[in-house]
Amino acid sequence: MMRSDLSGHLTEVQPSPGRQTLIECREVKKRFRYATKGSFLAVDGVSLSIKRGELLAVIGESGSGKTTLAKIMAGLIQPTSGRVFFEGKPITSLDRRERLNFSRKVQYIPQYPDLALDPSWYIYDSIAEPLRIHRMSSSREEELKIVRSVSARFGLSLDQLRRKPRDVSGGELQRAVLARSMALNPEVLIADEPTSMLDPSTQARIVRLILDAQRELGFAVLFVTHDLQLARVISDSVCVMLGGKIIEFGSAQEIFSSPLHPYTSSLFSGSTFAGETKDNAACPFYSQCNLRAEICCNSTPPEFNIGRFRGVRCWNLGQPH
Ligand SMILES: Nc1ncnc2c1ncn2[C@@H]1O[C@H](COP(=O)(O)OP(=O)(O)OP(=O)(O)O)[C@@H](O)[C@H]1O
Ligand SMILES: [Mg+2]
């Protein structure tokens with residue numbers, strides 16, 4: 001498999017089939033119940049796995065369930081049903097020591113960095129605190145060395161570390177959030193639209209830093225984004241979400257060169273889709289789809305597997321009708 005870097009060069013990356021699965025979820029659903037009345041199924045039966053060193057992009061429109069799925073994978077919210085496995089073990093059955101290990105190895109970068117750090121703490125302490133919790137430094141000198149080194153990697157000066165979150169820019173805050181996660185030397189980085197709040201040039205610089213760190217340190221990344229161009233350029237594999245479901249997945253190269261689900265095609269062609277108008281059809285794309293048939297309204301398409309790592313939830317591809 002080839003991956004194109006941000007400047008357009010092609011570099012070899014290890015093919016995913018031989019790699020070991022690090023984290024996966026199986027048949028995960030999340031139903032939010034409203035305090036007043038009713039409920040909403042934000043994630044509807046999602047299974048996916050992330051292999052060691054892989055960069056998996058999750059794409060889809062606003063409200064499709066990307067953040068909810070990312071938080072479930074990071075163990076930050078409990079699914080209503082289904083399970084998340086880390087290194088083969090359900091995260092709900094981890095003992096105290098294993099749970100601590102999970103919370104070090106799986107790092108979550110939130111969509112809104114301003115909510116990530118304690119506003120009353122100096123940035124230095126926010127980066128150092130997880131090191132203290134995980135006993136990753138034996139002295140204050142060693143702690144300072146780790147914090148300085150990881151902050152320098154993400155372009156933060158000592159002066160910026162001595163400030164509070166309100167006294168740095170959005171880009172600097174996101175660098176601090178990344179440095180805090182990276183100081184723990186994680187195996188999986190779950191990055192939820194980590195640059196969507198930033199201007200394009202800062203966005204490109206921060207993505208570059210994440211990719212450089214990944215290349216050097218070999219951690220896996222679940223990268224949530226609605227920036228299709230970015231997903232095409234950075235990812236090994238892609239999951240497309242719609243209405244809480246993964247409606248298509250495969251290698252980035254296959255997904256972008258030959259999308260199979262009508263929704264994926266419409267997303268790439270830039271067609272607008274009224275995602276909020278959720279009808280009750282079994283397929284979330286039913287009312288917009290040119291290929292719809294009766295079965296698409298009444299019966300949820302299963303995941304039709306095409307090849308070893310390619311799946312599509314569309315009756316049109318699974319069964320002639
Ligand atoms: N805590 C919550 N309580 C109730 N509903 C929620 C909650 N969190 C998310 N939702 C709903 O679940 C759906 C999916 O939300 P989610 O944040 O996962 O979407 P998203 O794909 O990340 O969107 P965006 O691209 O805008 O970030 C939305 O309709 C949202 O309103
Ligand atoms: Mg989101």
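Computed from the coordinates by the stated procedures, all read-outs in this text should not be read as laboratory data. For clarity, every value in this text was computed on a predicted model and none was experimentally measured. In this analysis, Cβ positions are derived from the backbone assuming ideal geometry, glycine residues included, and neighbour counts consider all displayed protein chains.
Before moving on, here are some points about what is shown:
- Whole-angstrom gap from the range 158-184 to the range 66-138, using each part's C-alpha centre: 18 Å
- Fewest-first ranking of W315, W121, using other Cβ atoms within 10 Å as the exposure measure: W121, W315
- Here the range 20-240 has an Rg and Dmax of 17.3, 54 Å, counting Cα atoms alone.
- Just so you know, the Rg over Rh for the range 119-198 is 0.95, from Cα atoms, with Rh as the Kirkwood radius.
- Pairs from the table (K66/K164; K51/K245; K29/K51; K37/K89; K29/K89) lying more than 26 angstrom apart at Cα are K66/K164; K37/K89.
- Cα centre as origin, Lys/Arg/Asp/Glu Cβ charges: the chain dipole, Debye: 780 debye
- Residue order, fewest to most surrounding Cβ atoms within 10 angstrom, among V147, V58: V147, V58
- Nearest 10 degrees, 0 to 90: helix 123-133 Cα axis against the chain principal axis: 80 degrees
- 222 nm mean residue ellipticity, helices alone, for the chain (DSSP H n ≥ 4; -39,500 (n - 2.57); rounded to 500): -9500 deg cm²/dmol
- Gyration tensor verdict on the range 262-316 (Cα atoms; rounded if a/c is under 1.5, prolate if a/b is larger than b/c, oblate otherwise): oblate
- Neighbour counting of Cβ atoms within 10 Å sorts the residues L209, L115, fewest neighbours leading, into L115, L209.
- Here's the picture: charge each Lys and Arg Cβ at +1 and each Asp and Glu Cβ at -1 in the range 210-275, and of S269, S237, Q253 the one pushed furthest to the positive end of that dipole is S269.
- The range 219-302, Rg to Rh (Cα coordinates; Rh as Kirkwood inverse mean 1/r): 0.98
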